[in-house]
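To keep things clear, I will list the structure first and then write my remarks on it.
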Amino acid sequence: MLLKSIRLGSNDLGKTRAFYDATFGALGVAECSTPEQYPIVMWDLGGVKFLLGPARDGQPCTFANGGTIIFEADSEDAVKAWHAAGLANGGTSEGEPEAKPQARGAFGAYLRDPDGNKLGAYFGLQMG
């Protein structure tokens, strides 16, 4: 596996952690761990670590314009649950759960987390 980790910045780690605990829970991911020596939280996504924490330079965190992280769901219902969990935990919708023409009809949804990072969850997405 070439990809080891993904780290996103957060200006409110408690609020953003609640968002990811809920959305990852809808996809079957276990709760996060918190390394004692660092101000971060971390989830294991099948060998790839997903981390949240403050910016290392002490400046406010910002989101990437044009950047999207896509997660794989095991059913359309899981995509719907992921989207609903995100909305209930401070996220905003960027695309309702439905078959997406831009993804060859795969079923997906989009959210922004409390810090503005754009995320998607898809069932049946074929890339390449």
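The values are calculated or read from the model by the stated rules, or taken from the named source; none is laboratory data. Just so we're clear, the structure is a prediction, and the values are computed from it rather than from any experiment. Positions of Cβ are generated from backbone atoms using ideal geometry, with glycine treated the same way; all protein chains shown enter the neighbour counts.
Residue 120 falls short of the stated requirement of being surrounded by 13 or more Cβ atoms within 10 Å (Cβ to Cβ), in contact with a helix residue (DSSP H, G or I) (Cβ under 8 Å, 6 or more places away or on another chain) and not in a helix (DSSP H, G or I).
Could you list, in sequence order, the residues of the range 1-30 that are more than 12 Å from the chain's Cα centre (by Cα) and among the acidic types (Asp, Glu)? Across the range 1-30, the qualifying residue is only 12. Of the residues 123, 71, 107, the single one that is within 19 Å of residue 16 (Cα to Cα) and of a type outside the set (Ser, Thr, Tyr) is 71. Mind checking which pairs have a first residue in the range 1-30 that is on the phi > 0 side of the Ramachandran plot and a second that is in a loop (DSSP other than H, G, I, E, B) and modelled with pLDDT of 95 or more, Cβ under 8 Å, 6 or more apart or different chains? Once the first residue is on the phi > 0 side of the Ramachandran plot and sits in the range 1-30, its partners that are in a loop (DSSP other than H, G, I, E, B) and modelled with pLDDT of 95 or more give 28/74. Taking the listed residues 87, 111, the one that is under 22 Å from residue 54 (Cα atoms) and either surrounded by 17 or more Cβ atoms within 10 Å (Cβ to Cβ) or modelled with pLDDT of 95 or more (or both) is 111, with no other qualifying.
Identify all residues within the range 49-62 that are in contact (Cβ under 8 Å) with a residue 12 or more places away in the chain and more than 13 Å from the chain's Cα centre (by Cα); write none if there are none. Correct list: 53, 54, 55, 60, 61, 62. Taking first residues from the range 91-115 that are basic (Lys, Arg) and partners that are surrounded by 21 or more Cβ atoms within 10 Å (Cβ to Cβ), the Cβ contacts under 7 Å between residues at least 6 apart in sequence or on separate chains come to 100/108; 112/91.
Only one of these is over 13 Å from the mean Cα position of the chain (by Cα), among the polar types (S, T, N, Q) and at pLDDT 90 or above: 93, 75, 33. Name it. Exactly one residue qualifies, and that residue is 75. One residue stands out in the range 63-97 among those that are among the charged types (D, E, K, R) and part of a strand (DSSP E or B): the one that is farthest from residue 28 (Cα to Cα), namely 94.
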